[in-house]
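Enquirer: Before I ask anything, here is the structure I am working with.
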Amino acid sequence: MNSQQLGSNQNKLMVGCWQLDDRSWKKISEPDIAHAIDTYISLGVNAFDTADIYGRSEEILGNLLKKRDCQVFTKAVFFSGIPSAMQVRSKIETSLHRLQRDTLDSVQVHWHDSNLDFASTFDTLNELVEQGKIQQIGVTNFNTAMLEKALKFAPIHTHQVQYSLIDRRVEASMQALCLKHNIQLLTYGPLAGGFLSDKFLGMKQPHLQSDHARSFYYSNTIQSHGGWPSTFSMLGTLAEVAQKYDKSISQVALNWVSQQPGVGAVISGLTLSRQQIQSNVEAFGWNLEIEDIELLSRRSAELFIQPGDIYSYERN
């Protein structure tokens, strides 16, 4: 799946593999992961998203996807300091080794400190593209100023950002910039870690699991954008729309994101449940009517604030 192939209904779903990092999520056995991946592939989903910092994720995907017709988007994450060319190359070689590939389909750069100059890093990545080690370069969690700067140094094909009915910061300025430069949005967190689902409808306070990343990441997102009362009100509106289409809340939430301008793929975290996998796949085989997209967007705007640019409070 290159950037030109993203966007059709069958290609909208991408499997997020942060869930394979057992430091942040409950540990899943490799046989169970293999069974889940077989299910995704049997249902026509062949795109997977991972990162060099997702613990064992790259290595497991390398073991399970070798010799299979699948696309793997990984990330090169830089938290502090300006890396040398040797350090950048070492990162890419490590990902190639773990994923058991001769070339990486896509490397998405996460650059945490926006005050540091990343020009030399993109120069090295461009060389690796020329050498065939990388097929294309993307970014993740770049704010608008950072992306404008990055475009001076490399062709950027994709930008991975958080996007949901709760978090719409991408719409402030990033969405227009990506549309202008034909950069496709890969959207993570479309269900806010699963909180936008029937499971949480009617609750007054969610049960937070200590071994689940939704407890420390997506609950913070919700608190930063409007809190639980707003979230439960949004669930009520989603339930009304879902009933109209005979769909689930999560299917409606996924479909809403998929129809936003510039969205090339919607990333939903790997699950072992065949029923949930089937439901996620079926979220893209139809379209919400314009009036319902507008209803959900309007209700979202009433309930949630959108503080800052992309990844603003997370970066700080």
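The values are calculated or read from the model by the stated rules, or taken from the named source; none is laboratory data. For clarity, every value in this text was computed on a predicted model and none was experimentally measured. Don't worry about glycine lacking a Cβ; one is built from the backbone with ideal geometry, like all the others, and counts go over all protein chains shown.
Enquirer: Which condition number in (1) within 26 Å of Arg298 (Cα to Cα); (2) surrounded by 17 or more Cβ atoms within 10 Å (Cβ to Cβ) is the one that Gly202 fails?
Expert: (2)
Enquirer: Among the residues of segment 137-158, is there at least one that is assigned to a strand (DSSP E or B), touching a Ser or Thr at 6+ places or on another chain (Cβ under 7 Å) and modelled with pLDDT of 95 or more?
Expert: Let us first name the residues in segment 137-158 that are assigned to a strand (DSSP E or B), namely 137-140, 158.
Narrowing the set further to residues that are touching a Ser or Thr at 6+ places or on another chain (Cβ under 7 Å) leaves 138, 158.
Applying the additional criterion that residues be modelled with pLDDT of 95 or more yields 138, 158.
Yes, there is a match, as at least one residue in segment 137-158 is assigned to a strand (DSSP E or B), touching a Ser or Thr at 6+ places or on another chain (Cβ under 7 Å) and modelled with pLDDT of 95 or more.
Enquirer: Among the residues of segment 17-38, are any under 18 Å from Gln135 (Cβ atoms) and surrounded by 19 or more Cβ atoms within 10 Å (Cβ to Cβ)?
Expert: Within segment 17-38, the subset under 18 Å from Gln135 (Cβ atoms) is none.
Within segment 17-38 (the criterion being under 18 Å from Gln135 (Cβ atoms) and surrounded by 19 or more Cβ atoms within 10 Å (Cβ to Cβ)), the answer is no, since none of the residues qualifies.
Enquirer: Out of segment 162-196, which residues are over 13 Å from the mean Cα position of the chain (by Cα), over 17 Å from Ser297 (Cβ atoms), surrounded by 20 or more Cβ atoms within 10 Å (Cβ to Cβ) and modelled with pLDDT of 95 or more?
Expert: If the condition is that a residue be over 13 Å from the mean Cα position of the chain (by Cα), over 17 Å from Ser297 (Cβ atoms), surrounded by 20 or more Cβ atoms within 10 Å (Cβ to Cβ) and modelled with pLDDT of 95 or more, then Cys178, Ile183 are the ones that fit.
Enquirer: Provide a single number: the residues in segment 290-310 that are surrounded by 12 or more Cβ atoms within 10 Å (Cβ to Cβ) and either more than 29 Å from Asn143 (Cα to Cα) or of a type in the set (Phe, Trp, Tyr) (or both).
Expert: 2
Enquirer: Going by what's in this entry, would Val170 be described as of a type outside the set (Asp, Glu), under 20 Å from Ser224 (Cβ atoms) and in a helix (DSSP H, G or I)?
Expert: Numbers: of a type outside the set (Asp, Glu): yes; under 20 Å from Ser224 (Cβ atoms): yes; in a helix (DSSP H, G or I): yes.
So Val170 fits the description; yes.
Enquirer: Return the residues of segment 199-235 that are modelled with pLDDT under 90, of a type in the set (A, V, I, L, M) and over 18 Å from Gln276 (Cβ atoms); say none if nothing qualifies.
Expert: Met203, Leu208
Enquirer: Criterion first (surrounded by fewer than 15 Cβ atoms within 10 Å (Cβ to Cβ) and in contact with a strand residue (DSSP E or B) (Cβ under 9 Å, 6 or more places away or on another chain)) does Phe79 satisfy it? Show your work before the answer.
Expert: Details: surrounded by fewer than 15 Cβ atoms within 10 Å (Cβ to Cβ): yes; in contact with a strand residue (DSSP E or B) (Cβ under 9 Å, 6 or more places away or on another chain): yes.
In short, yes.
Enquirer: Follow-up question, since we're still on this one. What number of residues within segment 256-297 satisfy the criterion of being assigned to a helix (DSSP H, G or I) and either under 13 Å from Tyr163 (Cβ atoms) or not polar (S, T, N, Q) (or both)?
Expert: Let us first name the residues in segment 256-297 that are assigned to a helix (DSSP H, G or I), namely 256-258, 274-282, 290-297.
Of the ones still in play, those that are also either under 13 Å from Tyr163 (Cβ atoms) or not polar (S, T, N, Q) (or both) are 256-258, 274, 277, 281-282, 290-297.
Total satisfying the criteria: 15.
Enquirer: Is there a residue in segment 236-246 that is under 23 Å from the mean Cα position of the chain (by Cα), among the hydrophobic types (A, V, I, L, M, F, W, C) and farther than 19 Å from Ile290 by Cβ?
Expert: No, that holds for no residue.
Enquirer: Quick one: which residue in Glu240, Glu302 is part of a helix (DSSP H, G or I) and within 26 Å of Ala172 (Cα to Cα)?
Expert: Numbers: Glu240 fails: within 26 Å of Ala172 (Cα to Cα).
One residue alone meets the criteria, Glu302.
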